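The values are calculated or read from the model by the stated rules, or taken from the named source; none is laboratory data. In this text the structure is predicted, and so the values were computed from the model without any measurement. Methodologically, a virtual Cβ is constructed for each residue, glycine included, from the backbone with ideal geometry; neighbour enumeration extends over all protein chains shown. Side chains included, ligands, DNA and RNA excluded: accessible areas come from the protein's heavy atoms. Shrake-Rupley method; radii C 1.70, N 1.55, O 1.52, S 1.80 Å.
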Amino acid sequence: MRLFLFNVLLAVLWMFMWGIFDIYGLAAGFVLGYLLLGVVSRTMPGESYGRKGWNLLSFSAYFLRILIKANLQVAKEIITPGYQMSPRFIRYPIDGLSDFQLTSLANAITLTPGTLSADVSEDGRFLYVHCMYAQDREDAVKELDELRDRMVKELFT
Amino acid sequence: MHDTTQMILDLLTVAALLFGLFFMTVGAVGLARLPDFYHRVHAGSKGVTLGLTGLLVAAMFGLSTHQEATALNVITKATLVILFQFVANPVGAHLLAKAAHLDRCPMWEGTLSDELEEDTAASS
């Protein structure tokens, strides 16, 4: 986050240096700043800034894919006659996530295949999820696990 | 602007429009057709999010051939709207589902289990 702010600062600096005060100047400065910080942050302990941007891209691609899959699934259910759902409310443990992470996870769950976040327990330990296709409870939980793991690993490291 | 570029942009616009309209329609039909409230929220949240994204992308392509200032204006605003609706839409759906469950909105008879109900009953 600190490095991201630094990246924005570098972009603004770039605009002033060349006197290009438009969106292209900002974009060029941002890309160059990103490359620079990606190299510099390799020498710093802990975080790698270059990897972060890549992770963000990779997560976005994954998210877009499951979003479209979710919609095709709902579309198929709606267009074909009869119902093939096997819905349940399942409880999903969310220990160790911060409020911000929890909100992002709940939003992502709502937008991914067959699941809709419905409630958080009073003590904040469980998220209740309405699953459309949960014939087998363990499979549904496994899908949520994959989403959570990718999110924590690629978005919040 | 060359004719071919214009044609490619037009094709992209039409494709994005069809994509968005399809999911919007599916969302609307789903609201009428699915068996209980929770399923309808599924259709209303997923379908409309992707549908609106498609329509906004179509607007970006379609208006990007106008003069530069208009095009930039449209593109930045459409991007912001897409981002914000990805945050706002699921939150609305979450609250609807939560309120419905608090109000004991009836579930479809095919519902297999309701662990939320079990836990609320246990804690009260």
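Numbers below:
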{"item": "Contact surface B-A: accessible area buried, both sides summed, square angstrom, 1.4 angstrom probe", "result": "3600"}
{"item": "Residue-averaged beta-carbon neighbours from other chains (10 angstrom radius) around B:50-59", "result": "1"}
{"item": "Candidate aspartates and glutamates for bridging to B:Lys46, where Cα separation is under 18 Å - those fewer than 8 sequence places away on the same chain excluded", "result": "A:Glu77, A:Asp119, A:Glu143, B:Asp36"}
{"item": "For the protein assembly as shown, radius of gyration divided by Kirkwood radius, i.e. Rg to Rh on alpha-carbons", "result": "1.03"}
{"item": "Kyte-Doolittle mean at least 1.0, axial Cα span of 27 Å or more - DSSP H helices of chain B", "result": "B:3-33, B:68-102"}
{"item": "Partners for B:Lys77 among lysines (Cα-Cα distance below 19 Å; same-chain residues under 8 apart left out)", "result": "none"}
{"item": "Global geometry of segment B:30-90, whether rounded, prolate or oblate, following the gyration tensor of its Cα atoms and the 1.5 cut on a/c", "result": "prolate"}
{"item": "Distance cut-off 11 Å, percentage of C-alpha pairs in segment A:2-43 lying past it", "result": "57"}
{"item": "Exercise: per-residue mean of other protein chain Cβ atoms within 10 Å, A:125-131", "result": "4"}
{"item": "Pairwise centroid distance, computed over Cα atoms, of segment B:72-89 with segment A:64-115, Å", "result": "22"}
{"item": "Rounded percent of accessible protein surface that carbon and sulfur make up, the protein assembly as shown, 1.4 Å probe", "result": "69"}
{"item": "Cα point-scatterer Debye curve for chain B, base-10 log of I(q)/I(0) at q = 0.12, 0.18 Å⁻¹", "result": "-0.60, -0.96"}
{"item": "Total lysine pairs whose alpha carbons fall under 24 Å of each other in segment A:49-155 (8 or more apart, or interchain)", "result": "5"}
{"item": "Area accessible to solvent at A:Phe59, 1.4 Å probe radius, in Å²", "result": "20"}
{"item": "Chain A: angle of helix A:49-79 to the longest principal axis, Cα-based, in degrees nearest 10", "result": "30"}
{"item": "Bins of 10 Å from zero: percent of alpha-carbon pairs in chain A", "result": "10, 29, 25, 19, 13, 4, 0"}
{"item": "Angle in degrees between helix A:137-155 and the longest Cα principal axis of chain A, rounded to the nearest 10", "result": "10"}
